[in-house]
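Below is one structure, written out as structure tokens, with a few remarks after it.
The values are calculated or read from the model by the stated rules, or taken from the named source; none is laboratory data. As the structure is a prediction and not an experimental result, all values here were calculated from the model. Quick reminder, even Gly has a Cβ in these numbers, built from the backbone with ideal geometry, and neighbours come from all protein chains shown. Accessible surface is based on the protein model in full, side chains and every heavy atom, while ligands, DNA and RNA are left aside. Shrake-Rupley method; radii C 1.70, N 1.55, O 1.52, S 1.80 Å.
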Amino acid sequence: MRTHTDQTIGWIGTGRMGYEMAAHLAKGGADVMAWNRTRAKAEPLEKLGAKVAGDLAEIASRDIVFCMVSTWDDVEQVMTTMLKGKSRPRIVVECSSISLEGSAQLREMLSARGIEYLAAPVSGNAKVIKAGRLSFVCSGPRKAFDEALPYLKMIGPAASYVGEGELARIVKICHNVFLGVVTQSLAEITVLAQKAGVPRHAFLAFMNQSVMGSTFSRYKTPAFVNLDFKVTFTPALLRKDMDLGIDAGKRFEVPMPLASATRDLIQSMIGRGWSEQDFATLLLQQAQASGIELVPENVPVADGLS
Ligand SMILES: NC(=O)c1ccc[n+]([C@@H]2O[C@H](COP(=O)([O-])OP(=O)(O)OC[C@H]3O[C@@H](n4cnc5c(N)ncnc54)[C@H](OP(=O)(O)O)[C@@H]3O)[C@@H](O)[C@H]2O)c1
């Protein structure tokens with residue numbers, strides 16, 4: 001008799017997020033088989049005990065299949081390909097940040113084949129996953145959540161169940177609209193303080209200890225102080241999430257003035273060619289618009305994660 005942590009797991013998408021998530025499962029002892037479009041990115045998982053699939057048909061025969069790709073179009077593409085053959089998983093746990101509409105379409109596609117579906121987007125970047133602090137927000141059948149929960153807990157400690165259907169999607173969209181707006185706001189006030197004469201590390205040290213400081217402001221501080229913009233989350237993926245937020249605002253007739261302005265600032269950053277760096281490059285754009293050139297302060301600052 002198989003136990004609740006004895007399911008075979010399929011993993012689709014081993015990009016920045018997917019790789020670390022699948023690695024946690026493999027390290028936790030789960031029976032994981034991963035597939036990635038660019039196979040080389042999945043291969044290091046073999047050292048952790050996972051198998052690497054040659055095609056999506058192999059993934060279809062696993063009990064629970066997780067998916068972590070980029071956009072709804074990508075999710076649709078991998079799911080359609082996975083379901084071409086005869087095999088099918090019992091449960092799909094879809095973790096990419098996608099629209100309510102895409103998620104509902106996926107639910108229809110899966111339920112027509114008798115597959116249960118949990119929408120399970122996440123909060124946190126790859127470093128947050130490594131630090132064991134990723135959180136999931138989930139919606140769909142409670143039974144599917146309960147079955148997936150032991151695996152979610154292997155990846156991150158927090159998994160909230162918010163109800164049926166696509167509710168988790170709107171929670172994640174709201175979360176990332178906040179991420180964009182907060183990052184732009186932090187860039188504005190950091191540049192303002194600096195132009196008035198306060199070093200960024202001193203300003204952010206105060207902010208991080210104030211009531212306005214957060215896990216996020218702390219873990220973005222090294223990038224803001226020392227200008228390390230190695231990508232954690234691309235400007236294009238953040239723009240996608242701002243667009244999802246603005247579209248949801250239209251659908252539910254909610255004005256989103258701050259989200260709209262921030263979306264266009266992210267667009268400007270991409271238009272300037274700053275698309276391969278971290279989205280925190282919003283700081284550089286703000287500095288340029290303020291007529292100052294930033295230089296790394298080369299001050300060691302903690303990110304609050306390690
Ligand atoms: N990075 C973050 O901080 C963060 C945080 C929370 C949520 N998210 C969300 O998580 C998702 C993944 O983000 P990420 O940062 O991990 O992105 P990423 O590093 O760009 O990885 C994207 C993954 O999707 C795969 N992929 C994309 N299009 C595909 C297609 N058409 N067919 C097959 N595979 C495809 C890529 O395969 P290849 O390797 O072959 O390109 C790669 O494995 C996104 O929805 C993002 O919004 C990201």
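Structure data summary
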| item | result |
| --- | --- |
| Net charge of neighbours whose Cβ lies under 14 Å from the Cβ of T71, counting Lys and Arg as +1 and Asp and Glu as -1 | -3 |
| Environment charge of Q267, counting only residues whose C-beta is closer than 12 Å and scoring Lys/Arg +1, Asp/Glu -1 | +2 |
| Gap separating the Cα centres of segment 120-137 and segment 45-92, nearest whole Å | 21 |
| Distance between segment 277-305 and segment 142-203 - C-alpha centres, whole angstrom | 20 |
| Amide H within-cut-off set for V92, under 5 Å, with H built and near neighbours excluded | V65, E116, Y117, L118 |
| Proximal charge balance of K220 [Cβ under 15 Å; K/R count +1, D/E count -1] | 0 |
| L258-R142 FRET efficiency (beta carbon distance; Förster radius 35 Å; 0.05 resolution) | 0.50 |
| Whole-number Å³ per residue for the convex hull built on Cα positions in the chain | 139 |
| Crossing angle, helix 142-155 versus the chain [Cα axis fit, 0-90 degrees, rounded to tens] | 60 |
| Average Cα contact separation per residue, segment 162-259, under 8 Å, 6 or more apart, as relative contact order % | 36 |
| Calculated diffusion of segment 192-306, Stokes-Einstein form, Kirkwood radius summed over Cα pairs, 25 °C and 0.890 mPa s, µm²/s | 159 |
| Estimated 222 nm signal from helices in the chain, with DSSP H stretches of n ≥ 4 weighted -39500 (n - 2.57), rounded to 500 | -15500 deg cm²/dmol |
| Solvent-accessible area, 1.4 Å probe, carbon plus sulfur percent, for segment 1-157 | 51 |
| Residues of the chain: accessible area per residue with a 1.4 Å probe, Å² | 46 |
| Angle in degrees between helix 167-195 and the longest Cα principal axis of the chain, rounded to the nearest 10 | 20 |
| Beta bridge orientation in the chain: antiparallel %, DSSP, nearest 5 | 10 |
| Antiparallel content of DSSP bridges confined to segment 1-148, in %, to 5 | 15 |
| On Cα atoms only, tilt of 16-27 relative to the major axis of the chain in degrees | 50 |
| Segment 64-217, Cα convex hull volume normalised per residue, Å³ | 121 |
| Estimated dipole of the chain in Debye, rounded to 20 [Cβ of Lys and Arg +1, of Asp and Glu -1, Cα centre] | 420 |
| Dipole-positive endmost among V211, Q194, F252 within the chain (Cβ charges, Cα centre) | V211 |
| Spatially proximal aspartates and glutamates relative to K127 (Cα-Cα < 15 Å; intrachain offsets below 8 disregarded) | E20, D228, D278, D303 |
